[in-house]
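Okay, so here's the structure we're looking at.
The values are calculated or read from the model by the stated rules, or taken from the named source; none is laboratory data. For clarity, every value in this text was computed on a predicted model and none was experimentally measured. Virtual Cβ from ideal backbone geometry, glycine too; neighbours counted across all protein chains shown.
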Amino acid sequence: MFVLCEQFGARFSRALVRKLAYLIAHSGTMTAVLPLRTTPGSTRSRPSLRTVLRRVAEAVVTPVLPDDYLDLIAPMRAGADLRGRVVSVTPETRDAVTVRIKPGRSWAGHVPGQYIRIGVDVDGVRNWRAYSLTSPVDASDGIISICVKAIPDGKVSNHVVRALQPGTLIHLDQATGDFTLPSPRPARALFVTAGSGVTPVMGMLRNHLDELHDVVVIHSAPTEPDVIFAAELREWAEAGRIRLVERHTDTQGMVGTDALDELVPDWRFRETWACGPTGMLDAFEAAWADAEITDRLHTERFRPVIIAEGEGGTVTFGTQRITVDADGATPILDAGEAAGVLMPSGCRMGICFGCVVPLKEGAVRDLRNGDLTIAAKGDGIRIQTCVSAAAGHCEIDL
Amino acid sequence: MTATAEKFDLTIDGTAASTPKAPGVPSARSATRPTNTRLSTAIAERRHVPKRSGKADPTAHLTAEDVEALAMELDELRQGVLESRGVEDAAYIRKVIDVQRKIELASRAVLLFAIFPPAWIVGTAGLSVAKILDNMEVGHNILHGQWDWMRDPKIHSTTWEWDSATPAALWKHSHNELHHTWTNVIGKDNDLGYGIMRVDEDQRWTPAYLGQPIYNFLNMCFFQYGIAAYDLEIGKQLAGRGDKEDFKRNGKMVLRKVGRQARKDYLLHPLLSGPSFLHTMAANATANFVRNVWTHSIIMCGHFPAGVETFARASIDGESRGEWYLRQMLGSANISGSKALHIMSGNLSHQIEHHLFPDLPSNRYGEIAPRVQEICERYGLTYTTGPLYKQVASAWGQVISLSLPNPEPGRRRVGIAAQQIGKQVRRKLRNRRPVRTA
């Protein structure tokens, strides 16, 4: 018994000595102060000086991040969240403006026809909306521009058109979208636009008109003064660079697909880009489908599917993809838990914010005062599930 | 509703709903007490549950209709602020954060030369102010979700972290959820004496409370660690209750945060100061101490001063929103003072308004305070307030006075305490004596 103990003790102490020796030997590369992560498989590789400096900076300013301090001084620097400074806001029509924005140094550029999402604080609340870029891609001052038309009850568009001041810092996302011109450029092109639907097309024409030799633009607006970019389009038409069909729908009616044969007899042989209201795009898609040339039609839908605001709705929960029907009086938290969804929760009366999760898409109503919160794709608005009931279909991110 | 929905109970209070327990998240609901009754102002009848001390119920004069009307008035007050919330409020919090960061940067820069006494004094004072602002007007209120409405991911309860030993996630649970929901309910709200003190005569006295003036003093000096230990629910662990796994995971989180905070204040910044190493270290320790004393004092004034009510556990069964509001009003105390005091206290000087509406932006508490006070008067409820020195003295007075048991007619409190201690000692001795059966 005693022998066994002794043997065990000896083995144990040998292991201890080995461990200590290892620690001492490697203490040169170990930093007790700043645990530096190294890539797996290459435990010997030293982190770059840059990484070390960043870690030190992080440790010095914890619990905030070095970026939080840098944002005080240089919010537009490279590596920062993408922001932009409004350079100017100039009217195009009575309810549309062109906003010129100097993007931060993280801006990665764009392809004409693409859009960006801008995050603007309206009444202190950040709202994100998508707008097409209308600027030349190679502007020497690096300034980008968008065109915004105020839509009735549009929170962001009305703010941008009527209240946005030059000098304001706004938030940006990188450009995205595939409503762009192919390479090589099409021999014959047709652009059909309505209202502010002309903006992505303007982005393409301003950049690539020289490379396009046969262009027809059909552009509709309610009345003559409502035609966005009228002067520039007419100028191109007069110079013979495009054939412009300008329609004032209040007096002339909408351009239906039946009018196409008359306006553009060869429309079936043209590569076509269409942007405008949903009804118009649906009709065009149907006509192109009938002609079995859907691959020649490119459409861009500006307004997402309108989220029905009602009482109750189906709620889909995160990666578990569990869907329940919830009525307009049941907190989403209760509806989710009843269906076996694991959800964070807390006070269950709206005060502790322990149940806050992002609403990816949908509409919810605050059970305490009936306030409606609507999230479009990409918004990820954080809601309190314990006091929010579904007001339409909801996607909850968990 | 469709067939899918009928399988589940989707009642407003979720009475019949099964609550799956998320990992590490204790279920807040029991079968008998649907917590969602607080979502409704509807109230069937007033119930009065007497407390051990036999103290009169300060709400006994209110009928069910009164309480419902009170709830609606307060809801309206809240709605008014929500509707006028906007650009100016957003600008306010951004300004406070901006000022806090600049004071902190400047103070830490000055402290690089802490070896020179004027630099030490200016730097330490600045850093103390920065730490207090960070914890109170900025951190406490952002973590309450008061600024979530701005939808700015950088100023949001789910992403914010503060200059304190306790990690934001743990604090949000123990403070926002437990303390704010169960405010001043004996046996449910651990903020009543933090589990180490007796601050209300309805809490049962034990001899351990004799030391509470000392505990309170020590807690004041090391308050940030006190909060961390409190949020970890160390007491519960020592008593053998509580989830071991949770404790381990949270413990690691706390140690990591404590380590980072200490490394910054006591190693890295002193190292950056070179020859001022020790001076900077002392300055940072002093700033932490000043912040601890200040926050402890302000927080003590929230619920400990004389005049604040506590509530029996059984009294909150099926509580309506109006009854919850009543409990918040009577269970909190304000501090009167200047604008600077309100900002430096994170507007916890408006503790009553904060407890009624913990999610309203702190800069708006001041403007609704007179209306809350008027409502209190109209409904015959006490609105406890006073200047800082008085409230601090009152809270300390309670801590000292309640370290002894409650008085009984014809007996001195010291006598009762001595008798109790004697009883306990005798019981201990009896239990230690070996039991002989043969």
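Considering (1) outside any helix (DSSP H, G or I); (2) under 28 Å from B:Asn135 (Cα atoms), the lone condition that A:Leu53 does not fulfil carries the number (1). May I ask you to say which residue of A:Ala338, A:Ala389 is in contact (Cβ under 8 Å) with a residue 12 or more places away in the chain, crowded, with 23+ Cβ neighbours inside 10 Å, within 11 Å of another protein chain (Cβ to nearest Cβ) and over 26 Å from B:Leu356 (Cα atoms)? So the residue among A:Ala338, A:Ala389 that is in contact (Cβ under 8 Å) with a residue 12 or more places away in the chain, crowded, with 23+ Cβ neighbours inside 10 Å, within 11 Å of another protein chain (Cβ to nearest Cβ) and over 26 Å from B:Leu356 (Cα atoms) is A:Ala338.
Taking the listed residues B:Glu83, B:Glu68, B:Glu104, B:Glu76, the one that is in contact with a helix residue (DSSP H, G or I) (Cβ under 7 Å, 6 or more places away or on another chain), assigned to a helix (DSSP H, G or I) and more than 20 Å from B:Ser345 (Cβ to Cβ) is B:Glu68, with no other qualifying.
Select from segment B:224-255 the residues that are within 14 Å of chain A (Cβ to nearest Cβ) and touching a residue at least 60 places away in the same chain (Cβ under 8 Å) and list them in ascending order. Result: B:Gln224, B:Ala228, B:Asp231, B:Met253, B:Val254.
Condition check for A:Gly362 on (1) more than 7 Å from chain B (Cβ to nearest Cβ); (2) at negative phi; (3) free of Cβ contacts under 8 Å to residues at least 60 places away in the same chain; (4) not charged (D, E, K, R): one failure, at (2).
Yes/no per residue for (1) in a strand (DSSP E or B); (2) touching a helix residue (DSSP H, G or I) at 6+ places or on another chain (Cβ under 7 Å):
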{"residue": "A:Leu333", "(1), (2)": "no, yes"}
{"residue": "A:Ile351", "(1), (2)": "no, yes"}
{"residue": "A:Val357", "(1), (2)": "yes, yes"}
{"residue": "A:Gly362", "(1), (2)": "yes, no"}
{"residue": "A:Thr373", "(1), (2)": "yes, no"}
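Being at pLDDT 95 or above, of a type in the set (Ser, Thr, Tyr) and under 26 Å from B:Thr181 (Cβ atoms) holds for only one residue in B:Tyr389, B:Tyr365, and it is B:Tyr365. Within segment A:51-67, if we keep just the residues that are more than 7 Å from chain B (Cβ to nearest Cβ) and closer than 15 Å to B:Tyr266 by Cα, the residue that is surrounded by the most Cβ atoms within 10 Å (Cβ to Cβ) turns out to be A:Val61.
Of all residues in segment B:84-108, exactly one satisfies the criterion of being over 30 Å from B:Gly274 (Cα atoms) and of a type in the set (S, T, N, Q), namely B:Ser84. Of the candidates A:Thr90, A:Thr62, the single residue that is polar (S, T, N, Q) and closer than 12 Å to A:Leu164 by Cβ is A:Thr90. Within segment B:104-128, if we keep just the residues that are surrounded by fewer than 20 Cβ atoms within 10 Å (Cβ to Cβ) and of a type in the set (Val, Ile, Thr), the residue that is farthest from B:Asn363 (Cα to Cα) turns out to be B:Ile115. If you check B:Arg94, B:Arg52, B:Arg101, B:Arg38 for being over 23 Å from B:Ile186 (Cβ atoms) and in contact (Cβ under 8 Å) with a residue 60 or more places away in the chain, only one passes: B:Arg94.
For A:Glu311, the conditions (1) under 30 Å from the mean Cα position of the chain (by Cα); (2) within 14 Å of chain B (Cβ to nearest Cβ); (3) buried (at least 16 other Cβ atoms within 10 Å of the Cβ) all hold with the exception of (3).
Conditions tested, residue by residue: (1) in the same structural domain as A:Val156 (by TED's automatic domain parsing); (2) more than 26 Å from the chain's Cα centre (by Cα).
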site: A:Ala57; (1), (2): no, yes
site: A:Thr62; (1), (2): no, yes
site: A:Asp68; (1), (2): no, no
site: A:Pro75; (1), (2): no, no
site: A:Val89; (1), (2): yes, no
site: A:Thr98; (1), (2): yes, no
site: A:Pro103; (1), (2): yes, no
site: A:Ser106; (1), (2): yes, no
site: A:Gly109; (1), (2): yes, no
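Within segment B:281-325, if we keep just the residues that are among the hydroxyl-bearing types (Ser, Thr, Tyr) and part of a helix (DSSP H, G or I), the residue that is nearest to B:Gln391 (Cα to Cα) turns out to be B:Ser297. When you scan segment B:178-188, do you find a residue that is more than 14 Å from chain A (Cβ to nearest Cβ) and buried (at least 21 other Cβ atoms within 10 Å of the Cβ), even just one? Among the residues of segment B:178-188, at least one is more than 14 Å from chain A (Cβ to nearest Cβ) and buried (at least 21 other Cβ atoms within 10 Å of the Cβ), which makes the answer yes.
Criterion applied to B:Val87, B:Val81, B:Val99 was being within 24 Å of the chain's Cα centre (by Cα) and within 12 Å of chain A (Cβ to nearest Cβ), and the one residue passing it is B:Val81. Taking the criterion of being more than 9 Å from chain A (Cβ to nearest Cβ) and aliphatic (A, V, I, L, M), the residues of segment B:102-122 that qualify are B:Ile103, B:Ala106, B:Ala109, B:Val110, B:Leu111, B:Leu112, B:Ala114, B:Ile115, B:Ala119, B:Ile121, B:Val122. Taking the numbered list (1) part of a helix (DSSP H, G or I); (2) within 12 Å of another protein chain (Cβ to nearest Cβ) in turn, B:Ala125 passes all entries but (2).
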